[in-house]
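The values are calculated or read from the model by the stated rules, or taken from the named source; none is laboratory data. Since we're looking at a predicted model, the values are computed, not measured. All Cβ positions, glycine included, derive from the backbone under ideal geometry; neighbour counts span all protein chains shown.
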Amino acid sequence: MRPWAAAAVVIVLIGCGSEAPAPKGHGQDAHATGEEHGQDAHATGAEHGQDAHATRGQVKGYIRTVDLEGRPLANMAPIATLQPNAFDAPIATGPLTGDDGRSHLLFPADQRVCLRAWDPELRYFANNFLEVLPHTGNVTDETDIVMVRAASLAATLILRDGAPAAGRNAGLMLFHPTRGAWWPGEADADATGRVEFAPIPPGRFVVKLKLDSGEAVDLPEVSLPPAAAVDLGPILLQ
């Protein structure tokens, strides 16, 4: 059954936001998002074999993980979550992708899920996901999940009195432009107040930085290109 009438490929474009740390409960860590690369990228249920049929309230979906150039990526974990953000633990996980980038997973038939992929080594983050509505049936078309290289973000945090936030613990939250809170992180500042968060998903985000003592700042438009090391320089906290 082709799922497109009841499901949609949702693209989280680079420059508009992307993904998050492993949702807890994945086993190795978890996370991701899938865009079509043309009809040749799809496979039918027959090509995958008759085991694609739903059993005991579950359906089966197929993914192929690729980089931005369309090259297959191995050792990526297919996952299904209820939301495509960093806070949602996977409700299903499939075997790691092979050298051809292909894998599959079984997930509940009666829930809306997001099919994505997660790199256990955090080298890549997914840039899209497939939304599957309840009772859609088997997702017999193969979905390409585009994985993009992780970025990093640094800043030198300055307290209200002008002193550096030396040795302080800082929290990070990336907010997706349309989907809200997306990726959390934390790190300790060095003696100069400089703090670095890595790896983090590439994209364009609202960034919130907050110390354990409550001082914080919101940065409305921060661009994190794939594989880039972005340094915001001195940031005055309020």
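Data overview
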quantity: One residue from 221, 196 being modelled with pLDDT under 95 and not aliphatic (A, V, I, L, M); calculated: 221
quantity: So residue 162, is it among the small types (Gly, Ala, Ser), touching a residue at least 60 places away in the same chain (Cβ under 8 Å) and assigned to a loop (DSSP other than H, G, I, E, B); calculated: no
quantity: Any hit, region 211-229, residues being crowded, with 18+ Cβ neighbours inside 10 Å and either free of Cβ contacts under 8 Å to residues at least 60 places away in the same chain or among the basic types (Lys, Arg) (or both); calculated: yes
quantity: Region 97-150: number of residues that are closer than 12 Å to residue 82 by Cβ and of a type in the set (A, V, I, L, M, F, W, C); calculated: 6
quantity: Region 188-231: number of residues that are in a strand (DSSP E or B) and touching a Leu at 6+ places or on another chain (Cβ under 9 Å); calculated: 25
quantity: Condition broken by residue 69, with the remaining ones in (1) charged (D, E, K, R); (2) crowded, with 22+ Cβ neighbours inside 10 Å; (3) free of Cβ contacts under 8 Å to residues at least 12 places away in the same chain satisfied; calculated: (2)
quantity: Exclusive hit being surrounded by 17 or more Cβ atoms within 10 Å (Cβ to Cβ), among the hydrophobic types (A, V, I, L, M, F, W, C), in a strand (DSSP E or B) and in contact (Cβ under 8 Å) with a residue 40 or more places away in the chain, set 172, 115; calculated: 115
quantity: Matching option when the condition is surrounded by 14 or more Cβ atoms within 10 Å (Cβ to Cβ), in the same structural domain as residue 88 (by TED's automatic domain parsing) and in contact with a Gly (Cβ under 7 Å, 6 or more places away or on another chain), among 156, 143; calculated: 143
